[in-house]
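Structure, as structure tokens:
The values are calculated or read from the model by the stated rules, or taken from the named source; none is laboratory data. Keep in mind that this is a model prediction, so the values were computed, not measured. Positions of Cβ are generated from backbone atoms using ideal geometry, with glycine treated the same way; all protein chains shown enter the neighbour counts. Surface areas here come from the heavy atoms of the whole protein model, side chains and all, with no ligands, DNA or RNA. Shrake-Rupley method; radii C 1.70, N 1.55, O 1.52, S 1.80 Å.
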Amino acid sequence: METNFQNYQTSQDPDDLRVIVCGAWFSSFEFMGALVNRLPRLAEHYRVPLDKIEIQCIEAKDMILPMFDDDLTNYVKKWLADHNVILRTGMPIKEVQANKVITADQTYTASTLVWTTGVRGSHVIGDSDFEARRNRVMVSDQLSLDDDPNVFLLGDVAAVRQPGKPYPFPATGQIAFQMADAAATNIAADLNGEPRQDFVFNDLGTVLALGSKDGVAKVFGDHKLRGYAAAAMKRVIDDRSLLKQAGVKAMVKYGRLPL
């Protein structure tokens, strides 16, 4: 993208200042939020007109962010509009070519395309002949394989059934941490000759950052956050993840909150 911005100085091609994000999910919005925050510095550095940089997001479904209510999704939509990000919903993508996104009705062009549709696990799963969809394996309620209970799969490579629903839980960092704890408990139970426990997901909420100073969140039940409060909550979550994965030194070195 920065190369395209640099090329614009000589090409004067509007596509060099266009970014199309394919798909409207968490990674899409958090990428666009971070990009919007950085655009003023990028425009100044590469000496391109900020008002000519165009960001579009194309989504097949009519709705966005189904885990949030209309109040929070409308906040996100307004934030996008206020920052000149064009959101196009209800537009399934038929084909992607070099610098082109083709829908049923129109072709959109841009030098930078960002693909954020769908969640796929590691190709190692598919290469290993597991019965998988998108490199994700449906696991038992104890997080192991139905046909081999000694094999546990966790995180992005595992699909965990949602009680009463036909589709699994979304793959998130929050559920991956809880799966790890639950699998460790069941492995310990096997070693001690004790019964395993079914995995129960404790949903602590969902936080979406829109850059470093804005966002939306639904946490601790139905408590809603908007603006800087949601962004601050996101930083806390990121730092907690660093702390659990790599310890205090990593959190101090790479964390997002000043100590």
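Against the conditions (1) modelled with pLDDT under 95; (2) open to solvent by 10 Å² or more (accessible area, probe 1.4 Å); (3) within 22 Å of the chain's Cα centre (by Cα), where does Q9 fall short? Just the number, please.
The one condition Q9 does not meet is (3).
Among A229, A182, A189, which is the only one that is over 25 Å from R120 (Cβ atoms) and more than 22 Å from the chain's Cα centre (by Cα)? Please lay out each step first, then the result.
Numbers: A229 fails: more than 22 Å from the chain's Cα centre (by Cα); A182 fails: over 25 Å from R120 (Cβ atoms).
Result of the check over A229, A182, A189: A189.
Residues are listed down the side, and each one gets a yes or a no for (1) buried (at least 18 other Cβ atoms within 10 Å of the Cβ); (2) β-branched (V, I, T); (3) without any contact (Cβ under 8 Å) to a residue 40 or more places away in the chain; (4) closer than 30 Å to P40 by Cβ:
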| site | (1), (2), (3), (4) |
| --- | --- |
| N84 | no, no, yes, yes |
| Y108 | yes, no, no, yes |
| T116 | yes, yes, no, yes |
| R120 | no, no, yes, no |
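Return a yes/no flag: does the range 179-200 have any residue that is over 30 Å from P14 (Cα atoms), in contact with an Asp or Glu (Cβ under 8 Å, 6 or more places away or on another chain) and surrounded by 15 or more Cβ atoms within 10 Å (Cβ to Cβ).
The answer is yes, given that some residue of the range 179-200 is over 30 Å from P14 (Cα atoms), in contact with an Asp or Glu (Cβ under 8 Å, 6 or more places away or on another chain) and surrounded by 15 or more Cβ atoms within 10 Å (Cβ to Cβ).
Just name the residue that is nearest to K78 (Cα to Cα) out of those in the range 12-63 that are of a type in the set (D, E, K, R) and assigned to a strand (DSSP E or B). Even if it seems obvious, please write down each step before you answer.
Let us first name the residues in the range 12-63 that are of a type in the set (D, E, K, R), namely 13, 15-16, 18, 30, 38, 41, 44, 47, 51-52, 54, 59, 61-62.
Filter once more, keeping what is assigned to a strand (DSSP E or B): 18, 54.
Details: R18: 20, E54: 17 Å.
Selected residue: E54.
Name the one entry in L208, L153, L145 that is touching a helix residue (DSSP H, G or I) at 6+ places or on another chain (Cβ under 7 Å), open to solvent by less than 50 Å² (accessible area, probe 1.4 Å) and of a type outside the set (S, T, Y).
Just a single option satisfies the conditions, and that option is L208.
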